[in-house]
Amino acid sequence: MNPQNYPIKKTSKFPWFALGMWGVFLLSLGLRFWNINFFNTLVFDEGYYAVYGVNYLDGVPFFDAHPPLGKYAITAAIWLASHLPFNTGTPNALSGILLSPFSYRWLNALVGSFLPLIVGGVAYQLSGRCLYAFLASLFTALDGLLLVESRFALINIYLVFFGFLAQWLFLLALNNRGFISVFWLFLSGVSFGCSISVKWNGLGFWLGVCLTWLAAQIVYWQRRRQEKLSRPTIEIINPDTGIRSFELSSKIPLPLPLLQKRFIQLSWWKILLFLGVVPAAVYYAVWQPHLEINTDTNFLDVHQKIFNFHKSLKSGKDIHPYCSRWFTWPVMWRPMVYLFEKALTRRELVPQYPPLPDKVGQIFYDVHGMGNPLLWVLSAIVILLLSVILIHRVFIWYTEGDNFNANDQVLRFPTPAEFWLVCFVVLNYAANFLPWVVVTRCTFIYLYMPASVFAFMAVAWLVERWLRSYQIYYRAAGVTVIFAIAIAFVFWLPIYLGLPLSPAEFNLRMWLESWI
C-alpha cells in the first residue's frame, strides 16, 4: 500500500527495501542479545524492577511510583524463561530468588529489537516512501540510549514501543477505510492505553496525535473562511450590448494535502471513542492485577500516592548525581552511568565484590545511558530548524492565506504535501518534550527517549530529501551524514555494551566532563 499515493517508479524488482529492513532488524536483535548475561547482577533500576517482577509472581504487595504494565512485562519474561527447555545462564539471587540475567532481560531485548521497524512503519505511513522509512529505522537502530535501555530489565523501552505502535496503527487506520480502519483504530487505542500504563508520560504520544488532528481541523476551517472572504470579482462584458458588469467568481479551492485530508475525515466521535474511552478502559484494566495483590489500597488511592511521591521529590545533585534539566537533554549534557566496574585484567568476571580500590584496576567496564552524540546533536539542530520553518509557514499562511510567493524558497520549504509530515513530527516531538518544562522534580535524560525518536525522524526526512536531490553535493551530504552517524555509533558502542576498556580508551570517549 502506498499511503500518500505518490507515483512509484518500478526501476528494479530487487527487494532492496525488504532486505534493508531485515538488516536493521537483525542488527538490532544481535546487539541487544549479544552477551546479555555478561553482567550477572542487577544493573541500575533492575534493582527495583526485577524485584518487583518476583513480587508479582509471589503475590507480595509493594508500592512503585509508576503504573504496572512495564513490571508485568518483566514478570512475564521471568515466568516464560523458567519454562524454556534450555539453560538461560548462571543465576544470581539478588532479586530474592535464583534467576539468570537472561530471564529478566530477554523480553526487553526482543521488544527493543522491533522498535526500529515500528518507527519505520510510522515513517512509511506518513510519506509512502521506502527510503524515508528505512532511514528512520536505521537511525533509531543506531542510537545508544535505546540500545542500553533494551539490554536491561528497565521499563522505558515498553513506553516508547507501545507509543510508536499506537501511532503506526493510528496512521494505518487513516490510510484504510471501512471495518479495517475501525479495527486499526481500536488497536491503536489499546496501544495508547498500554503506553500510558507503563508511565504517565506515555500520554505524550496520545497528545501528539490529538494536536495534529486539531491542527488539521483548525487549518481547514480557517482556510474555508479565507476562501469565502477572498472570492474575487470578475468583469463580464455582454457581447451584444458591450455593457460591463461585475460579480463574485466561484473560486475553486486548492486541493488539500492527502495527510491533512485524512486527519480531517476522522470524525470527532471516533477520536472520543478510540483515543478517549478505549485507552482509559485499558489503563483501568491494567491496574486490576496489581490491586488484587495490594489489597490495602484502591484505584484512586494508589494514584494519589504516586502523585504525592513525584510531587515531594526535589531536584539537584544532592538528590541524585545524574539529575538533569529538560533543556540539557537534546545536546546530551548529562548522560547517566548505569554501571561502572573495574577489573585487573580483561579475563576477570565483573562486577567484583568488594569493589577494587580507586587506584587499582587497569580495565573499566562501563555502561553509559547516553545516545549517539552525533545523532543527538544533529537531530536537535534539525528539529529546531523545522520548528522555526513550521512556525514561519503558519504565520504566513495566517496572514496571507494560500497566496504564497512562488519565488520565495523559504515559504516553499517544505511543500504543502510535506508540510503535514513535518507538522506531525514536530508536534509529536513537542508533545513528548515540552511538558517537562513545568516539572520541578529531579528528572533524567532517559525521559527524552520518546521525543528523541521523533527528532531522528526529522533527520531522516532531511537526509532523504538530500539523497533524492538532483544536486550531487546534496546527495554527497546525505551519504556523509549516514556514514558519520554509523561511525559515531561504532565508536561509542563499547560504553553501550559494557565492553572492557583501558583508562585511555575510556577517557577517549568521555568528551565532556559532565559525561562522567
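Here are Tyr56, Tyr48, Tyr52: which of them is surrounded by 17 or more Cβ atoms within 10 Å (Cβ to Cβ), among the aromatic types (Phe, Trp, Tyr) and in contact (Cβ under 8 Å) with a residue 24 or more places away in the chain?
Tyr56
Anything in the range 463-492 that is touching a Phe, Trp or Tyr at 6+ places or on another chain (Cβ under 6 Å) and of a type in the set (A, V, I, L, M)? List them, or say none.
Passing the criteria: only Ala477.
Restricting to the range 169-225, what's the tally of residues that are over 22 Å from Phe433 (Cβ atoms), basic (Lys, Arg) and outside any helix (DSSP H, G or I)?
So the count comes out to 1.
Does Thr443 count as out of contact with any helix residue (DSSP H, G or I) (no Cβ under 9 Å at 6 or more places or on another chain) and of a type in the set (S, T, N, Q)?
No, not satisfied.
In the range 383-397, what residues are of a type in the set (A, V, I, L, M, F, W, C) and either assigned to a loop (DSSP other than H, G, I, E, B) or surrounded by fewer than 20 Cβ atoms within 10 Å (Cβ to Cβ) (or both)?
Across the range 383-397, the qualifying residues are Leu384, Leu385, Val388, Ile389, Leu390, Ile391, Val394, Phe395, Ile396, Trp397.
Can you give me the number of residues within the range 433-484 that are of a type in the set (Phe, Trp, Tyr), part of a helix (DSSP H, G or I) and under 21 Å from the mean Cα position of the chain (by Cα)?
Count: 7.
Kindly provide the set of residues from the range 359-380 that are aromatic (Phe, Trp, Tyr) and modelled with pLDDT under 95, ordered by number.
Residues of the range 359-380 aromatic (Phe, Trp, Tyr): 364-365, 376.
Matches in the range 359-380: Phe364, Tyr365.
Evaluate the following for Val148: is it under 14 Å from the mean Cα position of the chain (by Cα), crowded, with 24+ Cβ neighbours inside 10 Å and among the aliphatic types (A, V, I, L, M)?
No.
Residue check, Phe17 against (1) surrounded by fewer than 13 Cβ atoms within 10 Å (Cβ to Cβ); (2) modelled with pLDDT under 95, all met but one. Which one?
(1)
Within the group Ala153, Ala76, Ala65, which residue is part of a loop (DSSP other than H, G, I, E, B), of a type in the set (Gly, Ala, Ser) and surrounded by fewer than 23 Cβ atoms within 10 Å (Cβ to Cβ)? Write out each step before concluding.
Working: Ala153 fails: surrounded by fewer than 23 Cβ atoms within 10 Å (Cβ to Cβ); Ala76 fails: part of a loop (DSSP other than H, G, I, E, B).
Result of the check over Ala153, Ala76, Ala65: Ala65.
If Trp34 passes every condition in (1) in contact with a helix residue (DSSP H, G or I) (Cβ under 6 Å, 6 or more places away or on another chain); (2) exposed (fewer than 13 other Cβ atoms within 10 Å of the Cβ); (3) not polar (S, T, N, Q) but one, which one does it miss?
If we test Trp34 against (1) in contact with a helix residue (DSSP H, G or I) (Cβ under 6 Å, 6 or more places away or on another chain); (2) exposed (fewer than 13 other Cβ atoms within 10 Å of the Cβ); (3) not polar (S, T, N, Q), just (1) comes out false.
Has the range 423-440 got any residue that is β-branched (Val, Ile, Thr), more than 15 Å from Val382 (Cα to Cα) and crowded, with 23+ Cβ neighbours inside 10 Å?
No: the range 423-440 contains no residue that is β-branched (Val, Ile, Thr), more than 15 Å from Val382 (Cα to Cα) and crowded, with 23+ Cβ neighbours inside 10 Å.
Mind checking which residues of the range 84-112 are outside any helix (DSSP H, G or I), surrounded by 20 or more Cβ atoms within 10 Å (Cβ to Cβ) and of a type outside the set (S, T, N, Q)?
If the condition is that a residue be outside any helix (DSSP H, G or I), surrounded by 20 or more Cβ atoms within 10 Å (Cβ to Cβ) and of a type outside the set (S, T, N, Q), then Leu99 is the only one that fits.
Just to check your reading of the model, which residue among Ser469, Ser502 is in contact (Cβ under 8 Å) with a residue 60 or more places away in the chain and not hydrophobic (A, V, I, L, M, F, W, C)?
On the way: Ser469 fails: in contact (Cβ under 8 Å) with a residue 60 or more places away in the chain.
Result of the check over Ser469, Ser502: Ser502.
The values are calculated or read from the model by the stated rules, or taken from the named source; none is laboratory data. The structure presented is a predicted model; accordingly, all values stated were derived computationally and were not measured. Heads up, the Cβs are rebuilt from the backbone with ideal geometry, glycines too, and the neighbour counts pull from every protein chain shown.
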